[in-house]
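Below is one structure, written out as structure tokens; the observations come after it.
The values are calculated or read from the model by the stated rules, or taken from the named source; none is laboratory data. What you see is a predicted model, and the numbers here were worked out from it, not measured in a lab. Here the Cβ positions follow ideal geometry from the backbone for every residue, glycine too, while neighbour counts run over all protein chains shown. Note: areas computed on protein heavy atoms with side chains; ligands, DNA, RNA excluded. Shrake-Rupley method; radii C 1.70, N 1.55, O 1.52, S 1.80 Å.
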Amino acid sequence: MGSSSGCRSKMGTTKPLGIQLFECVRGGPLSFRSSQALVLILTFLSYASYHATRKTTSIVKSVLDPKTANVGMLHWPSNLYLQHLNKAENNNTAIHNGWAPFNGDGGTALLGEIDLAFLGVYAIGMFFAGHLGDRVDLRILLTIGMVGTGLFTAAFGAGYWFNIHSFYYFLGVQMIAGLFQSSGWPSVVAVVGNWFGKSKRGLIMGIWNAHTSVGNISGSLIAAAMLKFGWCWSFAVPGAMIALVGIAVFLFLPVGPEVIGIEEDRRVKDSEKDDMDAPLLEKRQSDARDEAVGFIQAWRIPGVAPFALCLFFCKLVAYTFLYWLPFYLSHTAIGGEYLSDSAAGVLSTLFDVGGVVGGILAGHISDRLDARALTAASFTFSAIPALFFYRIYGSVSLAWNVALMFLTGVLVNGPYALITTAVSADLGTHSSLNGNSRALATVTAIIDGTGSIGAAVGPLLTGYISAKSWSGVFTMLMASALIAGLLLSRLVVAEISAKMESRRAADHASDLPVSSLEEA
């Protein structure tokens, strides 16, 4: 459909009301560059707010169950660690008493079950959300997901106001929240993928993927700041924030260039535009299919299965750090001293800062080399010695811990960010689809949904292994990084072979006489 359709795209997507109003006031349409900037800002805020609400529970755990200090997924024999906890910070009576049913002997196990249920529903829901995302208006799907997440995040906190002590209430609320959250990632990646061409996609999405770390850090700070008013506010405030951002998405987010009617202008100026402005998929023929790709068909796209399985192990490592790093820092002597819970929480954010750098660096390198698999595999293999040295030398001094934690964050989160963004967008517009543009959300959901299962498994295993040995946990993480890299080995060989063949062809062409080239 061309621009003559005005406010409606080929998928029936209407132009957002906020953009219509802005164009009426402005007296003209948004430019392509302005639209790209708007898409980046709105999707960045969207997923940062998703992660902010997701991070809240790890902060509030120690309030619901005073024996728990930033625990991740499973029951811990708390008597082994109470000697190290800094109780001077717990001035609030609610912090001392906890909240039934989580303040009993099995409280930590109940919190672990809630985490596991959330991530399990999130991972399963991701597959369905991606399938749905290629068939409906992504703006509406994203708005529903964000507003629903906000409501059920606040509903968890409402248990405090309404004096609810039923475990099944909190379990049900978290499961529904996980279902709503599953619609977020396939939607935002598909929207960004619709707006940006391939040549600089890795760098742009690497920078854009900082929303994960920004959301984790802001969620931690907001939840911690609200605790003094009651743990309910640690859920209510992030819940209200994501709902407000969801309304902004509904009013202003254009899911693709055709929605704001600039597709025809871009075709006219085709000779002037660079690859950044080039649409991800040009129609190869007038009758090219534009039907949504099926789930099984998406799995068969070359590269989807190995990258999805690779992300399983990448997220296993990354989420183990997300759920357990503050606890590990507060219970490991660094320079002969133990950090307080708050200090450990603040220090752990450096891992996320490293993740921002890693995502940008991996995206930039993969763009320059035009080799996604080679870049991802290089990072995962490099993460193995980084994990080893962090475990061995991270306790020597605070400076060593900071430096090695930052480096580990770079190498662990680099391939994680690359696969969930640029790789997903690349595969969602693979040449095997013959111009079909309706696979982005499905492919993204398959890859990140598989990775999310690993995100649940890693912290789960850590709960068992760490009770015996933290060295065992790091051995598991190093083995996971090794497997992640090996899963990409065939793709790496294919990329290297293709580049060598291309170089040989170029060298052969340069060796031909000028007359031969002219005749050709």
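A few remarks follow.
- Pairwise FRET efficiency - Leu21 versus Glu337, Cβ, R0 = 56 Å, nearest 0.05: 0.45
- Projecting label points 7 angstrom from Cα along Cα→Cβ for Tyr169 and Ala399 puts them 5.3 nm apart.
- The protection proxy used here, the mean number of other Cβ atoms lying within 10 Å of each residue, ranks peptides 32-39, 497-504, 121-128, 363-370 as follows, highest first: 121-128, 363-370, 32-39, 497-504.
- Spin-label pair Glu501/Ala479, simplified geometry with 7 Å Cα→Cβ offset, distance in nm: 3.7 nm
- Between the amide H of Ile334 and those of Leu339, distances stay under 5 Å, these residues lying 5 or more places away or on another chain, with hydrogens modeled in the peptide plane.
- Computed over the stretch 353-494, the P(r) tail beyond 22 angstrom holds 44 percent of alpha carbon pairs.
- Straightening the chain between Lys468 and Gln297 buys 57.2 nm, computed as 0.36 nm per residue apart minus the Cα-Cα spacing.
- Separation in nanometres of the label points that stand 7 Å from Cα toward Cβ, at Arg135 and Ala100: 4.6 nm
- The mean sequence distance of close C-alpha pairs (under 8 Å, at least 6 residues apart), as a share of the length of the stretch 294-504, puts its relative contact order at 38 percent.
- Whole-percent carbon and sulfur share, accessible surface of the stretch 294-504, 1.4 Å: 69 percent
- HN-Hα J in Hz across the stretch 102-107 - Karplus 6.51, -1.76, 1.60, θ = phi - 60°, x for Gly and Pro: 8, 9, x, 4, x, x
- Members of Lys315/Lys499; Lys61/Lys315; Lys15/Lys315; Lys55/Lys468; Lys55/Lys315; Lys61/Lys468 lying beyond 25 Å, as alpha-carbon distances in this model show: Lys315/Lys499; Lys15/Lys315; Lys55/Lys468
- Spatial separation of Cα centroids for the stretch 473-512 and the stretch 12-36, in angstrom: 43 Å
- Heavy-atom accessible area order for Phe167, Phe235, largest first, 1.4 Å probe: Phe167, Phe235
- Probe 1.4 Å, protein heavy atoms only - accessible area per residue of the stretch 294-504 in square angstrom: 37 Å²
- The accessible area of Glu23, taken with all protein chains in place and a 1.4 Å probe, comes to roughly 30 Å².
- Scalar couplings 3J(HN,Hα) for the stretch 50-59, obtained by applying the Karplus form with A = 6.51, B = -1.76, C = 1.60 to θ = phi - 60°, are 4, 5, 4, 6, 6, 6, 3, 4, 5, 7 Hz; x denotes Gly and Pro.
- Applied to the stretch 210-223, the Karplus parametrisation 6.51 cos²θ - 1.76 cosθ + 1.60 on θ = phi - 60° returns per-residue 3J(HN,Hα) values of 4, 4, 4, 5, 4, x, 4, 5, 5, x, 5, 5, 5, 4 Hz, with x for Gly and Pro.
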